[in-house]
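A short write-up of the structure that comes next.
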Amino acid sequence: MEFINSLKEFLTKDEIDKLIRAFNQKEKKGLRVNLHKTTQIEIKKSFPNLKSHPFIDYAFIYDEDEYKPGSHPYHLAGLYYIQEPSAMMVTHLLDIKENDKVIDLCAAPGGKSTHALTLLNEDGFLLSNDINYTRALELSKNIEKWGCKNVLVTSTEVSTLASNLSGYFDKVILDAPCSGEGMFRKNKLVYEDWSLEKVKRLSTLQKELILDAYKLLKKDGIMVYSTCTFEKRENEDVINHLLKNTNASLIPIPEHPSFSRGINLKEAIRLYPFKFEGEGHFICLIKCNDDYGPIKPLKKTNKINHNLILPYLEFEKENLKVKLKGNFKLINNDLYLATSTFLPPTNFKILRDGLHLGEIRNKRFIPSHTLALTLKVDEVNQVLNLDYPSTLASNYLQGLTIPCTYQKGYVLVTINGYNIGWGKASKGILKNHFPKGLRLS
């Protein structure tokens, strides 16, 4: 009842009735295609009855009673990301350009970050951050599947990011922590945990976050502020707080029959589940009219001593057709091809700086699963393609050894032509290097 009374402050009775009815219906599921690895046409071959997303031509809505794409090997290969349809609109409306510098501040589990990476080329850059370290670990895993090198994953306070990188980014994504009313259909515990006190507490946090987030923008840069809640205190009130304390201006989002306008904030939109085929979102685009920089972080000019990475160089010579170029970085025993955009400050908690190549252990190099998902098929000397579905593919995904024609060396295993993991050949037998945590039972 407290939740309903709260809605009465800013929604009509008709809107509340429609919203309650929508909460009692089945949640909407969606998937968004990784265009760096495949096309929407290829994905539809495996899931022919997918329904096109109304705004994003490389995204779809699906019926979970018909398809379970989350358990398909293509999901493990990073060919698509499971994301509800209204959440996809956040990054879509930000209109990221391919060489933009982008920061996603509350990024876990990775939906908006992977979407941003889809739109960036190798000259673009993404800093993907989540202050919750456990959630940031999951964020890093999802980004690794996407197969991109131009990303830094951190778990750092937004205020710390703002004080070090003010005025640096073309685009900022702030999908703020919220009371989660758009998750009521998905998770009943979110509904049970809802309270007006929580809404007010989160509103205070959101107002702090948006001021720090705004400082990260270049002059004329654009931020998208979003939540998956319908609370005015967490949406329009937060935007008005920013407008009162800065010279920011709002960028109107075009009209559409499935959009509702913001409450006394016509530039923003509300995506209600009774109008838009999704779980619900608030989205507002903000232009930076202030000058906070630019800060110019140091370029990575220091070169690593190649003697330290000889095991990798030997692996590269024996197993790859290419020489990877960039800034190699050795952290303990883990070797990275680091992002060349800037040298991260020492007070950033870094989970991933660029591409994790693998581990140097006892003078041997062990390639990472991430490397397997990032390389192109024609960049590897030995490739074993497995048709799916098939017994051989199932055996590999379960972690079993399988026969191969190679006698020694690392082998890139593909499923229907898509990278899925490593194996190591030994006299016609492929020893399985598919990660234990991903193996199918």
Extension length gain for residue 291 and residue 303 (0.36 nm per residue less Cα distance), in nm, is 1.0 nm
Pairs of lysine residues in the range 376-441 - Cα separation under 17 Å, sequence separation of 8 or more or cross-chain: 4
Give, rounded to the nearest 20 debye, the magnitude of the charge dipole that the range 88-287 has about its Cα centre when Lys and Arg contribute +1 at Cβ and Asp and Glu contribute -1 at Cβ. 280 debye
Mind sorting 211, 76 by how few other Cβ atoms lie within 10 Å of their own Cβ, fewest first? 211, 76
Neighbouring Cβ atoms within 10 Å as the yardstick, rank 168, 62 fewest first. 62, 168
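If I take every Cα pair under 8 Å that is 6 or more residues apart in the range 79-234, average their sequence separation and divide by the length, what percent do I get for the relative contact order? Mind showing how you got there, number by number?
Working: 277 pairs, mean separation 39.2, N = 156.
About 25 percent, as a whole number.
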19 Å Cα-Cα reach of residue 26 towards lysines, excluding residues that sit fewer than 8 places from it in its own chain: 18, 51, 68, 186, 188, 275
Between residue 201 and residue 24, take the C-beta separation as r, use R0 = 30 Å, and let me know the FRET efficiency to the nearest 0.05. 0.60
Tell me which of 146, 131, 242 sits at the most positive position along the dipole axis of the range 88-287, charges placed on C-beta atoms (Lys, Arg +1; Asp, Glu -1). 242
If you take every residue apart from residue 322 with its C-beta less than 10 Å away from the C-beta of residue 322, what net charge results, scoring Lys and Arg +1 and Asp and Glu -1? +1
Please give the contour-minus-distance gain from residue 14 to residue 123: 0.36 nm per residue of separation, less the Cα-Cα distance, rounded to one decimal in nm. 34.4 nm
Below 8 Å, C-alpha to C-alpha, sequence gap of six or more: please give me the relative contact order for the chain in percent. 13 percent
For the range 189-257 and the range 416-437, what is the separation of their C-alpha centers, rounded to whole Å? 46 Å
I need the GluC sites (Glu not before Pro) found in the range 133-236, filtered to DSSP loop residues with at most 13 other beta carbons within 10 Å of theirs. none
What helix-only [θ] at 222 nm does the chain give? Using -39500 (n - 2.57) per DSSP H run of at least 4, over all residues, to the nearest 500, the answer is -8000 deg cm²/dmol
Relative contact order for the range 298-374: what is it in percent, counting Cα pairs under 8 Å that are at least 6 residues apart? 28 percent
Is the C-alpha gyration tensor of the range 88-287 telling us rounded, prolate or oblate? Criteria: a/c under 1.5 is rounded; beyond that, a/b larger than b/c is prolate, otherwise oblate. rounded
Which residues' amide hydrogens lie under 5 Å from the amide hydrogen of residue 430, considering only partners 5 or more residues apart or on another chain, with H built in the peptide plane? 402, 404
Using Cα springs under 10 Å in a Gaussian network model of the chain, which residue among 229, 204, 156 shows the largest mean-square fluctuation? 204
Theoretical gain in end-to-end length, residue 440 to residue 132 [0.36 nm per residue, Cα-Cα removed]: 108.1 nm
Starting from the range 311-412, pick out the trypsin sites (Lys or Arg not before Pro) whose DSSP state is loop and whose Cβ has at most 11 other Cβ atoms within 10 Å. 321, 323, 325, 363
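Bear in mind that the values in this text are calculations on the coordinates, not laboratory data. All figures in this text were calculated on a predicted structure; none of them were measured in a lab. Reconstructed Cβ throughout: ideal geometry from the backbone, glycine too, with neighbour counts over all protein chains shown.
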